[in-house]
Each structure stands twice: as C-alpha cells, then as structure tokens.
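Below is one structure, written out as structure tokens, with a few remarks after it.
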Amino acid sequence: MKKVDVLVIGAGAAGLMCALNAGYRGRSVTVVDMGKKPGRKIIISGGGRCNFTNQNANPDNFLCHNPHFVKSALSRYTQYDFIDMVERHGIDYHHKTLGQLFCDNSAHDIVEMLTTECDWAGVTIKMQSEVLKVEALEEGGYQVTTSGDDYQCESLVVAAGGLTMPKLGASPIGYKIAEQFGLNVLPTCAALVPFTLHDQDKARFDGLSGISVDCEVTSESGQMFRENILFTHRGLSGPAILQISSYWQAGQWVSINLLPDMSLQETLQSIREKHPQRSLKNALTQLLPKRLIEKLDAAGEIPAKNLNQLNHQEYQDLHIHFHQWRIKPNGTEGYRTAEVTLGGVDSDELSSKTLEAKKAPGLYFIGEVTEVTGWLGGYNFQWSWSSGWAAGQVV
C-alpha cells in the first residue's frame with residue numbers, strides 16, 4: 001500500500017495541471033492513467049499543433065446548466081496565466097482566427113511542458129495503471145486499487161475525461177466514481193461533432209465532399225455561429241457545424257445562412273439590372289460554389305429562369321431559401337470523432353471554487369468529466385487548465 005497526499009486519476013490536461021500545482025505546494029502527488037503515455041488527447045489536438053487556449057475565453061463560451069459555476073476558476077486562472085507558462089518554457093506559438101492559439105511546432109511541446117513541471121514539482125506519473133476500485137476510508141481519505149499498485153490518499157482527484165475518442169482509452173470511470181459516492185451525473189452525448197444526414201440528403205449532396213462555405217449556422221434554440229461548414233461523405237462538418245452540434249438535439253433542424261455578407265434579393269436584382277438575360281443558376285454560381293448550385297438545381301431548388309423572368313415573390317422565396325437553408329441532421333458521428341463530451345458530473349454537486357464534491361470531502365472532479373463544455377477553439381483546454389489549477393490549490 002502506497003500512501004500519498006494526493007492521487008490524481010487521469011494524466012490529461014486537467015490532471016497534470018492539478019498535479020503540478022499540488023506538488024509545488026509540497027504535497028506528495030501521484031498521477032495514475034491506464035494509457036501508455038500522458039496527454040494523449042493533447043498530442044492529437046489541433047491537427048497535432050494543440051489549440052491550447054483562446055485569447056477571448058470567458059464564461060459565456062461554456063455550456064453548463066449553472067452558468068455561474070465556471071466563473072470562479074476561469075477568473076482565478078486565466079488564458080493569460082497559461083500563456084505565461086507557455087512563454088516561460090520557450091514554446092513558440094501563433095494566433096489563428098477568433099483568438100485561437102496554436103503551437104508553432106508540435107502539441108508534444110505542451111505535454112513536455114506539463115510533464116517537466118510535474119517533474120520539478122516532485123509528481124510521480126504512473127502510466128498503464130488502470131483504476132479497479134475506489135473506497136472511502138472511515139478515518140477520511142480514499143483507498144484506490146489499480147492494476148499496478150494500491151494507494152491511500154487524503155485527496156482523490158478525478159480527471160478521467162469524458163467518452164470521446166474511445167481509441168485513446170476513454171472510459172466512463174469518472175462518472176462511475178461520481179455515482180458511487182452519490183453524485184448526480186447529467187446525461188452525456190458527443191459534442192463538437194460532425195452531423196450525419198438522412199439518406200435522401202446524403203443522395204442529394206452526393207459529390208459535394210470537400211466543399212467549404214462560410215456560413216452562419218443557427219440552432220432551434222437561437223444559438224448562432226459564423227464559420228465555415230464542410231460537406232463530407234457522411235454529412236456536414238466544419239467549425240460552424242461542430243460548434244452548433246453542442247446546442248442541437250435529435251429531431252431538430254439547423255438553419256444555415258449560406259450568404260451572410262449580403263442580401264441575396266438585392267444582389268440578384270443588382271445583377272439583373274446589368275444582365276437581365278442571365279440565368280438564375282449562372283448568377284448564383286458567382287456567389288456560391290458551382291458544384292453546390294448544380295446540386296441544388298438538380299434537386300429542383302432553383303427555378304429554371306432568367307433573372308428578368310423572376311417575379312417579386314420568387315425573389316423573396318430565393319432570399320429566404322438561401323439565407324435560411326434548413327437541414328434536419330440524422331444524428332452525429334458520435335464519440336469516435338467528437339472533440340468533447342457534453343454532460344457529466346453535475347456542477348451543483350461541486351464547489352465552484354475548489355471543484356470538491358459537496359457530499360464527499362476530499363473527492364474532486366475537474367476537466368471534461370464535469371458537465372462543463374466549452375466552444376471549439378481552445379476553450380475546453382482552458383477549462384482543464386483553470387479547473388485543474390483551482391483544485392491544485394487546495395488538495
């Protein structure tokens with residue numbers, strides 16, 4: 001039996017952040033993880049460059065049934081605090097659109113930074129160590145049985161992530177531990193994930209794979225994102241689709257504004273003044289990808305008329321059709337390709353300041369295992385850094 005002050009389950013972003021902060025406070029800390037290497041999701045994130053935070057991160061960028069829950073951790077450990085760590089380690093990074101920050105070189109730089117900090121803080125990291133059993137001790141603290149060693153700890157931190165990317169070893173262990181100690185776990189589903197389409201829509205858009213369009217995508221709840229959508233072999237993807245998927249529920253429509261920077265009615269009427277004999281189809285190919293217009297034409301969605309043959313009502317109908325193009329997804333691609341898991345340990349069960357379970361002293365839940373889900377663009381990493389730091393100050 002090994003005795004430690006703090007045992008962290010999960011060697012991902014949140015777990016490593018918590019561990020190094022606890023270690024610097026003089027606590028004896030061990031991190032256990034069933035995988036072969038730490039930070040596996042970090043390594044593959046951002047196309048291997050790791051979108052490690054977002055300059056614009058604030059509580060409004062997160063889904064949580066209690067919107068105030070995220071404020072404490074995010075305000076006490078901000079994106080600028082993490083950027084300071086990145087710069088101290090000499091990691092070169094660059095800005096992309098919408099405040100996103102990526103490593104110039106490789107996501108491995110972030111993992112190396114975290115594991116180096118853990119080493120400096122005296123943290124032990126035990127990989128290929130599966131958690132088999134967790135028990136509360138009468139005298140306080142917890143006993144944890146793993147496939148390698150048995151541990152007794154004063155503080156147990158669950159940073160086991162969610163259910164996304166099962167090939168990387170994702171498991172429901174974090175949720176099971178929460179339920180074991182009487183904590184409510186909100187229903188989980190894949191988020192930041194591509195949509196699949198019904199068979200008729202797949203046939204309708206066959207051949208459009210690879211086409212990208214700058215759009216505004218709006219959910220039935222009214223949430224809107226302005227970024228690209230991408231047609232795929234299975235359905236729709238791209239940043240705007242991934243974003244809106246977190247707000248979509250089965251059976252709902254999404255509305256896509258294919259021309260967010262113009263009024264289609266005014267634009268077509270302007271073209272008509274100069275080229276009255278131009279066909280509607282040819283006019284539309286000046287505004288949107290030709291292959292997309294050809295598909296919509298083949299589906300009977302574009303009147304076979306010249307611009308001067310269209311009446312006022314037809315112009316209005318076209319305007320609505322292209323600015324409020326409605327699609328009802330069949331579903332999503334699921335956890336296999338999702339960026340994060342929506343749902344998880346109910347925030348009402350946790351202290352917003354420390355992430356400690358209210359019903360189980362000494363038990364903490366951080367990162368993706370909680371019901372906090374960030375937008376695409378580095379926000380979920382920032383929640384991992386902030387929640388890991390917050391717990392690391394007190395465990």
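Numbers below:
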{"read-out": "Tally, over the stretch 132-163, of residues that are in contact (Cβ under 8 Å) with a residue 24 or more places away in the chain, over 17 Å from Leu350 (Cβ atoms) and not in a strand (DSSP E or B)", "value": "6"}
{"read-out": "All positions within the stretch 125-149 that are over 30 Å from Cys189 (Cβ atoms), at pLDDT 95 or above and open to solvent by less than 60 Å² (accessible area, probe 1.4 Å)", "value": "Ile125, Leu137, Gly140, Gly141, Gln143, Thr145, Asp149"}
{"read-out": "Residue check, Ile293 β-branched (Val, Ile, Thr), open to solvent by less than 30 Å² (accessible area, probe 1.4 Å) and outside any loop (DSSP other than H, G, I, E, B)", "value": "yes"}
{"read-out": "Selected residue (only one of Ile256, Ile229 is in contact with a strand residue (DSSP E or B) (Cβ under 7 Å, 6 or more places away or on another chain), free of Cβ contacts under 8 Å to residues at least 60 places away in the same chain and surrounded by 20 or more Cβ atoms within 10 Å (Cβ to Cβ))", "value": "Ile229"}
{"read-out": "Selection within the stretch 304-314 - touching a Lys or Arg at 6+ places or on another chain (Cβ under 9 Å) and closer than 25 Å to Trp253 by Cα", "value": "Glu314"}
{"read-out": "Options Ile241, Ile271, Ile320: the member that is within 32 Å of the chain's Cα centre (by Cα), assigned to a helix (DSSP H, G or I), without any contact (Cβ under 8 Å) to a residue 60 or more places away in the chain and more than 19 Å from Asp201 (Cα to Cα)", "value": "Ile320"}
{"read-out": "Test set (1) crowded, with 18+ Cβ neighbours inside 10 Å; (2) free of Cβ contacts under 8 Å to residues at least 40 places away in the same chain; (3) assigned to a loop (DSSP other than H, G, I, E, B) - Gly210 fails condition number", "value": "(1)"}
{"read-out": "Candidates Arg272, Arg336, filtered to the one that is farther than 30 Å from Cys64 by Cα and either surrounded by fewer than 16 Cβ atoms within 10 Å (Cβ to Cβ) or of a type in the set (D, E, K, R) (or both)", "value": "Arg272"}
{"read-out": "Residue within the stretch 176-198 that is of a type in the set (Lys, Arg) and under 20 Å from Thr370 (Cβ atoms) present", "value": "yes"}
{"read-out": "Matching entry among Gly10, Gly39, Gly35 (being farther than 21 Å from Ala390 by Cα and either open to solvent by less than 10 Å² (accessible area, probe 1.4 Å) or not polar (S, T, N, Q) (or both))", "value": "Gly35"}
{"read-out": "Meets criteria (open to solvent by 10 Å² or more (accessible area, probe 1.4 Å) and closer than 18 Å to Gln180 by Cβ) for Lys359", "value": "yes"}
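The values are calculated or read from the model by the stated rules, or taken from the named source; none is laboratory data. Just so we're clear, the structure is a prediction, and the values are computed from it rather than from any experiment. Every residue, glycine as well, gets a Cβ built from its backbone with ideal geometry; the counts of neighbours run over all protein chains shown. Note: accessible area is taken over every heavy atom of the protein model, side chains too, but ligands, DNA and RNA are not part of it. Shrake-Rupley method; radii C 1.70, N 1.55, O 1.52, S 1.80 Å.
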